Amino acid sequence: MTSALIYPHIEKVAGQPARLQRIPRVRVAQIVMDYLAYGWSVEEMCRQHPYLMQSEAHAAMAYYFDFQAEIDREIRMEWEQVQQEKSLLSPSPFFVRMRANLHIFVGWASRPSFLDGRDAHPTIIKIVSYLIRAPKGLL
């Protein structure tokens with residue numbers, strides 16, 4: 001006699017991704033991405049997503065560790081789809097203007113007061129570092 005493993009709070013329909021029973025729009029893979037991308041514990045996930053109960057997050061992580069290849073494949077397919085769609089988009093006019101003026105930002109960002117953080121606004125740092133690392137195909 002074979003016994004089936006039951007995951008409380010998780011619903012898995014054949015041919016569809018595993019989801020939370022209480023909130024069907026939330027997939028197990030979405031919860032797992034917080035763990036993989038940020039290293040969040042279950043407690044931190046519940047702090048960041050107040051609608052999520054700890055028992056649901058624990059069940060999702062248990063499901064992931066038992067079916068890791070399936071969830072990793074789902075995450076990889078979603079990532080590839082996003083990258084493909086991103087490559088088809090043309091850059092926004094704002095991005096084009098910012099990239100064209102990158103030399104101004106780089107010159108300003110290379111000042112000693114910026115580099116040691118005295119007048120470095122975190123948003124500007126993120127914008128400059130993104131523009132420096134942006135793939136050339138986006139331009």
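Estimated at the nearest 10 Å², the accessible area of Arg19 is 60 Å² with a 1.4 Å probe. The 1.4 Å probe gives accessible areas that order Tyr35, Tyr7, Tyr64, largest first, as Tyr35, Tyr7, Tyr64.
Once the C-beta distance of Val82 and Tyr51 is scaled by a Förster radius of 22 Å, the resulting FRET efficiency is 0.40 to the nearest 0.05.
The values are calculated or read from the model by the stated rules, or taken from the named source; none is laboratory data. All of these numbers come straight from a predicted model, not from anything done at the bench. Positions of Cβ are backbone-derived with ideal geometry, glycine not excepted, and every protein chain shown enters the neighbour counts. Ligands, DNA and RNA are stripped out before the accessible areas are found, and what is left, the full protein with its side chains, is counted by its heavy atoms. Shrake-Rupley method; radii C 1.70, N 1.55, O 1.52, S 1.80 Å.
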